[in-house]
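Everything on this sheet refers to the single structure shown next.
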Amino acid sequence: MSSEAIKVAIIGSGPAGYTAAIYAARAGLTPVLYTGGEPGGQLTTTNDVENFPGYPEGINGPQMMVDLQKQAERFGTTIHYKVVTAVDLKSYPFKLTVDGTEEILAESVIVATGASAKYLGIPSEKTYANKGVSACAVCDGYFYRGKEVAVVGAGDSAAEESTYLSKLCTKVHLIVRRDEMRASKIMQQRVLNTPNIEIHWNSETDEVLGDDSGVTGVRIVNNKTGEKKELSIQGFFLAIGHKPNTDIFKGQLDMDESGYIKVKPGTANTNIEGVFAVGDAADKIYRQAITAAGTGCMGALDAEKFLAAKEAEVA
Ligand code: NDP
């Protein structure tokens, strides 16, 4: 273990993590950022971001993350393409285990670990993981061009992903478990106006079907009538929400029942002084790139204040 503690360790590389890094670096705190297993976070799985202020024509999600990383590095952030696998926040300086073996000490920690896609939890979904089952239409949709696919979900993600896939695929079956969608009106309208999207209302996935070549179909069941139906598809996309990536902090940081980290209102402060939570890991309501970036900024400013107070104590 390196005996010298880094001043600010940032865990996560979405808009929250990189914004925290930009602010901490510009404050001279030489932050070290651990990207985690999905560098760039969820925005790398999105296509055009049209609602981030300052881009009147929109910006491509992966490009935005490359730009944020460059901006963080320009001011002196060290970036490690590594995963923080365990934390000890009960001793000080805080201890982080990186890639299962390396231990580092940190005077402050900014948690920006984001959230991950949810799966239905049926066995066949696992059987065909990466063989036709995907939770990211923008990442994998290209493989299904000219084919028929299904999307599960009824929120903005499901609406966005089905519309995206409708441009590549011959037909998109949207499997909606209720008789209405949760997605915003404008996005629902886009779905309804797309001729090659067929919505299956009140429908749940019974089984993903396939063979050695991968997914060949899906059996859905109408939860009102009990009627079962098989759809012939090659791609099965999940768009049913996300789970915060906060397991390694369980028992140390206060969380709500879904695992979102609790922060003191109006700050990024967690229940442990010197540990800050930002972005989707602490936000189950807004979950936008811009709010994640905003809280990333708050986390860095709160860390700076914390470190200054510590230094004043010592002096
Ligand atoms: P949401 O939590 O909003 O929606 C999840 C959807 O999945 C719901 O419709 C839910 O159904 C359905 N669902 C959940 N579990 C199951 C299950 N087991 N079987 C079948 N269906 C299921 O998640 P999203 O990812 O869509 O959106 C998250 C946030 O991100 C939202 O705030 C959204 O507005 C935002 N977003 C914005 C975008 C944009 O502006 N461009 C694009 C994408 C997301 P039910 O309705 O019945 O509960």
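Here are Pro53, Pro39, Pro62: which of them is assigned by TED's automatic domain parsing to the domain that holds Val109 and under 20 Å from Thr85 (Cβ atoms)?
Result: Pro39 is the single residue among Pro53, Pro39, Pro62 that is assigned by TED's automatic domain parsing to the domain that holds Val109 and under 20 Å from Thr85 (Cβ atoms).
Restricting to segment 154-172, what's the tally of residues that are closer than 22 Å to Gly210 by Cβ, open to solvent by 10 Å² or more (accessible area, probe 1.4 Å) and either within 23 Å of the chain's Cα centre (by Cα) or within 11 Å of the ligand (Cβ to nearest atom) (or both)?
Count: 1.
Inside segment 193-310, counting only strands (runs of 3 or more DSSP E) that do not spill past its ends, which hold 1 or more residues that are β-branched (Val, Ile, Thr), open to solvent by 10 Å² or more (accessible area, probe 1.4 Å) and in contact with a helix residue (DSSP H, G or I) (Cβ under 7 Å, 6 or more places away or on another chain)?
Ranges flagged: 197-200.
Residue-wise test of (1) within 14 Å of the ligand (Cβ to nearest atom); (2) surrounded by fewer than 17 Cβ atoms within 10 Å (Cβ to Cβ).
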{"site": "Val138", "(1), (2)": "yes, no"}
{"site": "Gly141", "(1), (2)": "no, no"}
{"site": "Glu148", "(1), (2)": "no, no"}
{"site": "Leu174", "(1), (2)": "yes, no"}
{"site": "Asp179", "(1), (2)": "yes, yes"}
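Every residue in segment 109-125 that is open to solvent by less than 30 Å² (accessible area, probe 1.4 Å) and closer than 21 Å to Val278 by Cβ, please.
The answer is Val109, Ile110, Val111, Ala112, Gly114, Ala115.
For segment 45-77, which positions are within 14 Å of the ligand (Cβ to nearest atom) and touching a Gly at 6+ places or on another chain (Cβ under 6 Å)?
Thr46, Asp48, Val49, Glu50
Take Tyr128 and tell me if it is among the aromatic types (Phe, Trp, Tyr), within 29 Å of Ala154 (Cβ to Cβ) and open to solvent by 70 Å² or more (accessible area, probe 1.4 Å).
no
Among the strands (runs of 3 or more DSSP E) lying completely within segment 66-108, list those that include at least 2 residues that are open to solvent by less than 40 Å² (accessible area, probe 1.4 Å).
84-88, 94-98
Output yes when any residue across segment 182-189 is over 24 Å from the mean Cα position of the chain (by Cα), modelled with pLDDT of 95 or more, open to solvent by 80 Å² or more (accessible area, probe 1.4 Å) and within 12 Å of the ligand (Cβ to nearest atom), and no when none is. Quick ask: steps written out before the conclusion?
Narrowing segment 182-189 to residues over 24 Å from the mean Cα position of the chain (by Cα): 189.
Then drop every residue that is not modelled with pLDDT of 95 or more, which leaves 189.
Now narrow it down to the ones that are open to solvent by 80 Å² or more (accessible area, probe 1.4 Å): 189.
Restricting the remaining residues to those that are within 12 Å of the ligand (Cβ to nearest atom) gives none.
No: zero hits.
Residues are listed down the side, and each one gets a yes or a no for (1) farther than 26 Å from Asp140 by Cβ; (2) free of Cβ contacts under 8 Å to residues at least 40 places away in the same chain:
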position	(1), (2)
Ile10	yes, no
Leu29	yes, no
Gly37	no, no
Gln42	no, no
Glu50	no, yes
Tyr55	no, yes
Gly58	no, yes
Lys70	yes, yes
Tyr81	no, no
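The values are calculated or read from the model by the stated rules, or taken from the named source; none is laboratory data. Quick caveat, the model's predicted, so the values are computed rather than measured. Glycine also receives a Cβ, built like all others from the backbone with ideal geometry; neighbour counts cover every protein chain displayed. Keep in mind that these areas ignore ligands, DNA and RNA; they rest on the heavy atoms of the full protein, side chains included. Shrake-Rupley method; radii C 1.70, N 1.55, O 1.52, S 1.80 Å.
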